[in-house]
Amino acid sequence: MAGRRRGWFRSSGNSGWIQQARPGLTAAFLDMDKRQSAAEAAVEAATQMFPDRRLAASWDPVRARCYEAAGAYLALNEELDAAERDDTALPQGQARVDAALRQLNDAARAVDGFYSGNQGQLEHAVALLGTVPQLVQQVTLAAARVRGQAAESPYANYPSVRAGAAAVDEALITVEAAAATPGARREAANRLDAATRELSETLAQAPSRQAAATTAISSVRTRLDAVRTRSERLDPAFSALLREFNAASSADLANNGRESQRAIDAADAALSGARAALAENNPEFALDLTTSAREHLADADRLVDAVTKRLTLLREVRENPQDKAKAVRFRLRDAQMLAVGRGLADEWGSVLDAQVERIDRITEALSGRHPDYWAYVAELDTVGDFIAGVVDRMRKQAGSRRE
């Protein structure tokens, strides 16, 4: 009886349905595992190449679903093996197989959804990761070649060439030390490539430095002569200021003569140094010195102009003192009309009206045997600047109201 009962169980098809279920279940697991592995590798590449994008954080829950589905599959597979081996029944076996299949398929779809949503970044990262070794090799070889050219160049002692070579040396060390991640190696390789290109460009430009320095020295020499000639006008102009106008009108210019001469002397010294540097085959230092000479000459020009233009301005104001006040009053009327037109008279009308009294006081103060024309000009300029500030605020205020 017992033997017939065992035969009845064997004939129940217990192992048969398991054998039928197993291929589909295994195929679903392998398909999910393949998709997960591909996505995992792409996420790892993205993490290494672009750590700031944090794709790993959005991948974690998808990966967790895959682990859960795989764990459920493995546990069920062990129970199927035991049921088949011992020829025992598996309670709700088919339903559990169907549930495991759904879990595996759902996890696979989650992987596909994640990948399709980040496909551009992931595939770009994988492609870049594969090029890192080749990139490092290429830029390292190029750097060594250009570095050798710099060492053998007749311009090796030029400051720009020395600085460029040092930058390449430092970048080479960085590439060799950046072994932590492919992303770091790629960044270091790109910096090395940039330093190499800059050194190569510096070497290409080096032969022209001699001619450039020669031209610059000639130009500065001409400019120095011109500034010296112009500076001869400073003392007579300052004397005229003292004779013709209130002493306060030129008090701030008292040291311009000395400072201008000091700037001219400094430019002359820099020019002499540039000539010496060029004679010693150091045109880059010569160019630096000509730049310094130009700056000193610009200072000298400014100091001379401050005196001569002050004299011209004060003579014009003395000739027609009301022209300056009329110009400021005209700007004030425009501002008042703007306030009315923009509906801002209540807010700004009294402020602008007060400027009428300021202008009147300034013009009334212009009296006496030696009026202070410079104070007159400066005070009217202050009023004009104030009016311009009010106009700017009214325009911004009206614009914000329209928005």
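The values are calculated or read from the model by the stated rules, or taken from the named source; none is laboratory data. No experiment lies behind these values; they were computed from the predicted model shown. Note that we place each Cβ from the backbone using ideal geometry, even for glycine, and neighbour counts take in every protein chain shown.
Cβ-Cβ distances below 8 Å connect the following pairs, each with a first residue in the range 197-210 that is farther than 26 Å from Thr140 by Cα, a second residue that is part of a helix (DSSP H, G or I) and among the charged types (D, E, K, R), and a separation of six or more residues or different chains: Arg209/Glu284. Without any contact (Cβ under 8 Å) to a residue 24 or more places away in the chain, out of contact with any Leu (no Cβ under 6 Å at 6 or more places or on another chain) and under 30 Å from Ala188 (Cα atoms) - does that describe any residue in the range 83-100? No: the range 83-100 contains no residue that is without any contact (Cβ under 8 Å) to a residue 24 or more places away in the chain, out of contact with any Leu (no Cβ under 6 Å at 6 or more places or on another chain) and under 30 Å from Ala188 (Cα atoms).
From the list Gly368, Gly384, Gly349, exactly one residue is outside any helix (DSSP H, G or I) and without any contact (Cβ under 8 Å) to a residue 60 or more places away in the chain. Which is it? Even if it seems obvious, please write down each step before you answer.
Numbers: Gly384 fails: outside any helix (DSSP H, G or I); Gly349 fails: outside any helix (DSSP H, G or I).
Going through Gly368, Gly384, Gly349 in turn, the sole match is Gly368.
Only residues that are over 17 Å from Asp265 (Cα atoms) and β-branched (Val, Ile, Thr) were counted in the range 194-237, giving 4.
Each row is one residue, and each column tells you yes or no for (1) at pLDDT 90 or above; (2) not in a helix (DSSP H, G or I); (3) not assigned by TED's automatic domain parsing to the domain that holds Arg294.
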site: Leu135; (1), (2), (3): no, no, yes
site: Gly148; (1), (2), (3): yes, no, yes
site: Pro154; (1), (2), (3): no, yes, yes
site: Ala184; (1), (2), (3): no, no, yes
site: Asn190; (1), (2), (3): no, no, yes
site: Thr196; (1), (2), (3): yes, no, yes
site: Leu199; (1), (2), (3): yes, no, yes
site: Ala226; (1), (2), (3): yes, no, no
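Within the range 212-227, which residues are over 13 Å from Thr290 (Cβ atoms) and surrounded by fewer than 16 Cβ atoms within 10 Å (Cβ to Cβ)? Once the filter is applied, which keeps residues that are over 13 Å from Thr290 (Cβ atoms) and surrounded by fewer than 16 Cβ atoms within 10 Å (Cβ to Cβ), the range 212-227 yields Asp225, Ala226.
Cβ separations smaller than 6 Å between residues 6+ apart or across chains give the following pairs from the range 158-182 residues that are farther than 12 Å from Ala194 by Cβ and part of a helix (DSSP H, G or I) to residues that are of a type in the set (Asp, Glu) and modelled with pLDDT of 90 or more: Pro159/Glu284; Ser160/Glu284.
Is it true that Val62 is more than 30 Å from Gly120 (Cα to Cα) and among the β-branched types (Val, Ile, Thr)?
On the way: more than 30 Å from Gly120 (Cα to Cα): no; among the β-branched types (Val, Ile, Thr): yes.
Considered against the rule, which asks whether it is more than 30 Å from Gly120 (Cα to Cα) and among the β-branched types (Val, Ile, Thr), Val62 comes out as no.
Taking the range 107-134 only, how many residues are of a type in the set (A, V, I, L, M), surrounded by fewer than 19 Cβ atoms within 10 Å (Cβ to Cβ) and out of contact with any Pro (no Cβ under 9 Å at 6 or more places or on another chain)? The qualifying residues number 2. Within the range 330-346, the residues that satisfy the criterion of being within 28 Å of Arg318 (Cβ to Cβ) and free of Cβ contacts under 8 Å to residues at least 12 places away in the same chain are Phe330, Arg333. For the range 36-69, the candidate set comprises residues that are among the basic types (Lys, Arg) and closer than 29 Å to Arg185 by Cβ; within that set, the residue that is surrounded by the most Cβ atoms within 10 Å (Cβ to Cβ) is Arg63.
Being assigned by TED's automatic domain parsing to the domain that holds Ala108 and within 24 Å of Asp106 (Cα to Cα) is the requirement here; does Glu84 meet it? Give the steps one after another, and end with the answer.
Working: assigned by TED's automatic domain parsing to the domain that holds Ala108: yes; within 24 Å of Asp106 (Cα to Cα): no.
So Glu84 does not fit the description; no.
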